[in-house]
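Participant: Sending over a structure as structure tokens; questions will come in a sec.
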Amino acid sequence: MIRWPLPLLLLAAAGLALQARPADWAAPLLTVLPLPPPRPLALDAPLPAARDPELFHQLEAGDRAWRPRLERLPGGGTRYLYKRRSGDPPLSIAQIQALIRNPPDHGPERRSIAMLLAALRRAGALVALGPPRQSGAAGEWEPRRMVLRIRPDVPSKGSREFLRVLNHEAIHVAQSCRRGRIDAMPMLLGLPRRLDSRQRASLAEPLYAAASPQERLLEEEAYANQEQINLGWQLLQAHCRAR
């Protein structure tokens, strides 16, 4: 979101459980060594490169929380537990077993996060973890102060969610740079603004009710392109001068 203020809403995650008979269990539970609890990052403080290991520690812990797991029940059955993002289709037992055997690799997302953070800092944006001024927003870009703020609970949601929020806000930073300087009010970049049903639902939230037509267009551009994990970095390279 841009600090008009306007929000970027995170998709909710719902926890689901599947019951399975003993005969359905064909794969052992993957043994994962637990990470030590991530140290909480200070709120509303800059996130310099020296603190990136703390951030990536939190992202790793968040990614592990999304992995399905199998539990044996006292009566001899088994139960699969997994979290599903709103709008995602349910998983079959075979799909859950495959995820247990081969957990997703979030390396591409983490590399994109590292590239985005470096590009934002070169451009002069101050990246901070702290509560956005607008209640309910996951992130916001405040051009006049050159602050990109992300809600402090977002890293615990994992690399995919954190990258979505960071990429959305990086698009807003590039919109500012498109006007000539990073602290300028954003303008459209000319990107496609085709939204899916979930993005349209987010923009229909009451938090956007007071948005002007121009503000809505800027948000549509960011929403429509936030899933392209390398786009934010490319836009910053193209439109923002190093400071």
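Participant: Check every one of the strands (runs of 3 or more DSSP E) wholly within region 106-178 and list those with 2 or more residues that are touching a Leu at 6+ places or on another chain (Cβ under 9 Å) and closer than 16 Å to F56 by Cα. Give the steps one after another, and end with the answer.
Facilitator: Working: elements: 126-129, 139-142, 147-150.
Those strands (runs of 3 or more DSSP E) span 126-129.
Participant: Oh, and also: Here are the criteria: (1) under 20 Å from I229 (Cα atoms); (2) touching a residue at least 12 places away in the same chain (Cβ under 8 Å). Tell me which single one D105 does not satisfy.
Facilitator: All conditions pass for D105, except number (2).
Participant: Checking the condition more than 30 Å from P206 (Cβ to Cβ), surrounded by 15 or more Cβ atoms within 10 Å (Cβ to Cβ) and not acidic (D, E), which residue from R160, R110 passes? Outline the logic, then answer.
Facilitator: Details: R160 fails: more than 30 Å from P206 (Cβ to Cβ).
Every option except R110 fails the conditions.
Participant: In region 163-185, which residues are surrounded by fewer than 24 Cβ atoms within 10 Å (Cβ to Cβ) and among the charged types (D, E, K, R)?
Facilitator: R164, R178, R179, R181, D183
Participant: Return the residues of region 62-95 that are within 19 Å of S112 (Cβ to Cβ) and not charged (D, E, K, R); say none if nothing qualifies.
Facilitator: G62, W66
Participant: Taking the criterion of being in contact with a helix residue (DSSP H, G or I) (Cβ under 6 Å, 6 or more places away or on another chain), closer than 29 Å to G87 by Cα and either modelled with pLDDT of 95 or more or assigned to a loop (DSSP other than H, G, I, E, B) (or both), would at least one residue in region 196-217 satisfy it?
Facilitator: Within region 196-217, none of the residues are in contact with a helix residue (DSSP H, G or I) (Cβ under 6 Å, 6 or more places away or on another chain), closer than 29 Å to G87 by Cα and either modelled with pLDDT of 95 or more or assigned to a loop (DSSP other than H, G, I, E, B) (or both).
Participant: Does region 199-216 hold any residues that are surrounded by 14 or more Cβ atoms within 10 Å (Cβ to Cβ) and either among the basic types (K, R) or closer than 16 Å to V173 by Cα (or both), and which are they? Give the derivation first.
Facilitator: In the first step, residues of region 199-216 are kept if they are surrounded by 14 or more Cβ atoms within 10 Å (Cβ to Cβ); the result is 199, 201-203, 207-208, 211, 215-216.
Listed by number, the residues that qualify are E215, R216.
Participant: Still on this model: Please enumerate the residues belonging to region 135-146 that are in contact (Cβ under 8 Å) with a residue 60 or more places away in the chain and buried (at least 16 other Cβ atoms within 10 Å of the Cβ).
Facilitator: A137, A138, G139, E140, W141, E142, P143
The values are calculated or read from the model by the stated rules, or taken from the named source; none is laboratory data. Nothing here was measured: the structure is a model prediction, and the numbers come from that model. In this analysis, Cβ positions are derived from the backbone assuming ideal geometry, glycine residues included, and neighbour counts consider all displayed protein chains.
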